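Each remark here refers to the structure printed beneath this line.
The values are calculated or read from the model by the stated rules, or taken from the named source; none is laboratory data. Keep in mind it's a predicted model, so treat the numbers as computed, not measured. Ideal geometry is used to build each Cβ from the backbone, glycine not excepted, and the neighbour counts take in all protein chains shown. Ligands, DNA and RNA are stripped out before the accessible areas are found, and what is left, the full protein with its side chains, is counted by its heavy atoms. Shrake-Rupley method; radii C 1.70, N 1.55, O 1.52, S 1.80 Å.
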Amino acid sequence: IIKVFDLVTGMDNITGQICRLYNSALGRFPDHEGFNYWINMNKSGANSYRQTASSFLISAEFNELYGASLTTHDYVNTLYKNILDREPDLPGQSYWIGRLENNLETRSEVLMGFSESVENKAIFSSLTDYIWANLLWIIDGLNLSWLISIVNFLCTDYRYSLWEAIVYIGFLLREFDG
């Protein structure tokens, strides 16, 4: 986790954008190896941010999470729920569906729009601040290998996202500590 945070050099540069894209498209915190790969692909010019977003949408992971054949309506609703954690407002929903149905934007461009929206950036900043605070609190005085094994257990056996696992462990430890 710390290695991933070390790769983020700014909220509005490519490292922040790709970090948010992981959460927006895949509903999870980036893994170090994949995150580093996409950062390097973008920094080298081998891929653009748009190509990266397209790659996320056609990934097996995305298709396993959301299905390979979402209707335009379902796709837009999924973005609202998974990225902004809310139901779509009618004007916004109509806007994005119209953009897609009239071929004014691709699905990856709409994903980028949601991922880079002011609303998502605010949500994402709050989440990362909270996770970072929990992570530092959890690590303080704990065996790191124990922490990693518990996080892996929660993510594998209970299908928690990395975010959820860290927040859950932080909550439990604070309950037992206090």
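Order 75-82, 53-60 from most to least packed using the mean count of other Cβ atoms within 10 Å.
The packing order, highest mean first, is 75-82, 53-60.
Kindly rank 20-33, 108-121 from highest to lowest mean number of other beta carbons found within 10 Å of each residue. Let's see the in-between values first.
On the way: 20-33: 20.0, 108-121: 18.1.
Ranking the peptides 20-33, 108-121 by packing returns 20-33, 108-121.
Provide the per-residue ³J(HN,Hα) series for the range 99-114, in order, calculated from phi with Karplus coefficients 6.51, -1.76, 1.60 and θ = phi - 60°, each as a whole number of Hz, with x at glycine and proline positions.
4, 6, 5, 9, 6, 7, 9, 8, 4, 5, 5, 5, 4, 5, x, 5
Ignoring ligands, DNA and RNA, what accessible area per residue does the range 21-121 give at 1.4 Å, in Å²?
Result: 50 Å² of accessible area for each residue.
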